[in-house]
Every structure is written in C-alpha cells, then in structure tokens.
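Working notes, beginning with the structure itself.
The values are calculated or read from the model by the stated rules, or taken from the named source; none is laboratory data. Only a predicted model underlies this, so the values are computations on that prediction, with no experimental measurement involved. Cβ atoms come from the backbone with ideal geometry, glycine included; neighbour counts cover every protein chain shown.
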Amino acid sequence: MTAQSTDMGRVVLMICDGHRNDFVRADTCPAIFDFAARSRRFLNHRAIFPSATRASAAAIATGCWPANHGLHGNTMGLPDGAGVRVHDVGDPAFVGKLRNDFGRTLKVPTMAERLAPHGGALIASNVSPGAAYFQDPDNFGSVVHRAGSLGPGGRKLGLDEAPVVSHDEAGDLALADWFCTEVLQVRRPRLSVLWLANPDQGMHAGPLGSPIHLDAIASADRAFAQVERTVDAQRAQGEDILFLVGSDHGQETVRERVAVAARLVEAGLKDGPDSTEVVIAPQGGSGLLYVAPSAEDRIPAILGFLRAQPYIAEIFHGPEMLHIGQRPENGLHIAFSMACSSEPNEFGVPGLITVCVSDDKPGKPEGFGSHGGLGDFERHPFLIANGGGFAPGSIEHGVTRLIDIAPTVMRYLGLHRDGMDGLALPQN
Ligand SMILES: [Zn+2]
C-alpha cells in the first residue's frame, strides 16, 4: 500500500467495542464527550440483531443486515449431513469453512473490496479473530490482528509490517499507537479502521458501573484522544478526513443464565444434548434456533414451548425474522430474544438480561455484563461523525443503524453504494 493522493479524502473509523451510549459522558470519557460536542452525535443509534460483535462487524463492513451478508451471529448453524451443527464464527478458521462449504464468505462486498481500486482499506482489530477477518474476509485490503495479519491477496504480514498486541487494555493502547504513527501518517489507506477490545472486555469482566468498567472506558478514551490528535494533525496539513467514532452494541447486567437447548431436550423437543436435528446457536441475550428438514414437523410445538417460557421475550419465526434483519436459510427457522428489564444493577446502571447459554458457551457470570439481545441498552451503541460535511455541534435524534456507516463512507468518497441495505447518515 502506498501513500495516496488526497483528492477523494480519507475515512477514519474507530470502534470502542461495547461502549453504551449512556456512558458517553463528561465524567466517564471526557475526550470522546468533548469531541461529540464539536461533532454530529447520533443519539438513537441502534445495534443489529443479535447485538453481538461478529455479525455487527460484517454489518458495518458491508452496510447490510445479517439477512443479506450471511453471518447470522457470534455463533451460527451450518448444514452438517442430515442435521445442523453450531460453529463459533470467532474461530479464525471459520472464514475458510464458509469458503469451503459455499464457495464464498460473506454474500455481499465489504468496504475493503469496494475501496480496493480507490486507495484500499486497513482494519486493525483487537477483538476476536472472526470479528476482525469478517471485515475483509476475501483479503482485498489488510487486516491486522494478533491471530495473524493478512495483506491483499491473503499475504501473511510479518512483524515488520503489523504488530502483535495483547488482548487487553495495554494491547488496545499499543494498537492505537501503531495505528496513529504507521497507518494514519505513513500508509494512509482510503479507509482506516481501529477496533478496540475495550470497554467491552472490561464490561464482561465485572459489574457495569464498577471500577473495572470505568477503567476500560478510560482506556478507550485515551486511545481515542491519540487518534483525534493524529487526525487533527493530518487535517492541519491539508487533508480532508471523515472521522467516525462509535461502538457496535452496548451491554447489560446478566440476571440469569438459561441453557435453552437443554430445556428443549427435557421437553422432548430435541433428541439429546448433542443431537443435530434441533440446535441453538446462543448469542448471549438471544438465540438462533435451527431445525433440520427431518424435524420440521416439531416447529409448532417448539414455538408453543418457547412462548410459554418466562425467560424468553420476543420470538420471530420464518419470514418474521426479516423484521430484525435475519432470514430463514440453512435450517434457521426461529430467532428469539431473552427476557430483559430496565431495572438497575448494584451500581445503579439500568438494564438486566437473561442470557442463553450452552455447555460450549457458558456465558458471563450473573452480575457481569453481557449482550446479544434486544434490551434497550445492549442495542444502543453510540456514534459520532466529524468532518466530511457533518454539522459540528449538532445532534441527530432520528434512529440510525450500524448498516448506515458503510453508505456514509461511500457517499463521502463519491462512490456508489448499490446493494447496501443502509442509508447514508443525515449530515445536519
Ligand atoms: Zn462488540
């Protein structure tokens, strides 16, 4: 990748994973809060369903709902013989699994693919391997991740080209430092993405509102401040930069954990714990239920069972899933969200959720943070746009979605956005 001319402008996108909109405050993250006051803040930004990182990363990268990009969630079912097997899409091998089974990865192009002829993209991510690779699964640009960094064409990048950082706050700060000094100032791709593990990681490791959560926010705020200084310095040299800062979802406090698949076994609706005719891909605050063709006659009874359970909130069957950005395919018949409420936790932070767990995915302990469902706070990330024609010091109260980010990037660069589900964000 070489330095580009500046006639198209450049885009910098920074994601602070899991950062709730209501925690973007002067006392928690002063740098981001001050920046919001000088920018356009989107107060009703919404997560996708499930409000989980990996499918969200693909939604941001493509501008499409999971129904159209094809990555159902953090875990998803795929046909396996006569049944369905659940896979962890965070596994670095899962991109290859999709390519092997279907001859493709995502069903629609990413920004990295669209921008390959226009100055390229570099994604530096410190979350799960899947969430990093699904922003550019076919290697049109560069993805920098501790599990292995890849350049255009899938070329492995050496340590001289891409750093390996730790999966913690120190790693976030090291990655942000490299992003500022090497990516933004030297390589200067058309699109530069920095995706931090925090505050999501801190929220998963303790109660929301506790010092571990607030420290994780402060760490992300320090990383943000460095990126902002670097963007400002580049602009002072005459560069036109659209700078977007946001998160992918929020989190809520785990009130209860329920192994929904085990309950189906007890109810006689699933043959056994490891059977493949009825399977659930857990998503924290929600679940995706797959049924093999041989067991489709059980669907009415499964729906009746789920509707009677106090730990289930909303249920979407078949084409109803289109209302939440999913579609029936490859055995996916039912999506459900887990019970939630706006009650506060011990630190006064509102939002309690029940989470769907399994033996493989035990979930976070009661009292800690999690997400994945339709609770008001888990599906309420933040978003701020600065430069690129966005009115400074303004607030948008209308609903915006993760899928609106990619169309916004393409509009700014003067490139077409055909095939995207999202809409470019209102500028004033
Ligand atoms: Zn996330």
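Things worth noting here:
- Number of positions in segment 54-74 that are under 15 Å from L288 (Cα atoms) and within 14 Å of the ligand (Cβ to nearest atom): 5
- From the list G372, G388, G367, G422, the lone residue that is touching a residue at least 40 places away in the same chain (Cβ under 8 Å), in a loop (DSSP other than H, G, I, E, B) and within 16 Å of the ligand (Cβ to nearest atom) is G372.
- From the list D274, D248, D232, the one residue that fits, being closer than 30 Å to L191 by Cβ, among the charged types (D, E, K, R) and surrounded by fewer than 17 Cβ atoms within 10 Å (Cβ to Cβ), is D232.
- In segment 238-266, residue farthest from the ligand (Cβ to nearest atom) [restricted to those that are farther than 13 Å from I15 by Cβ and of a type in the set (V, I, T)]: V265
- Filter result for E256 (among the acidic types (D, E), over 30 Å from T408 (Cβ atoms) and in contact (Cβ under 8 Å) with a residue 60 or more places away in the chain): yes
- Residue identified as at pLDDT 95 or above, more than 16 Å from the ligand (Cβ to nearest atom) and over 26 Å from the mean Cα position of the chain (by Cα) among V278, V227: V278
- Any hit, segment 231-248, residues being among the small types (G, A, S) and in contact with a strand residue (DSSP E or B) (Cβ under 7 Å, 6 or more places away or on another chain): yes
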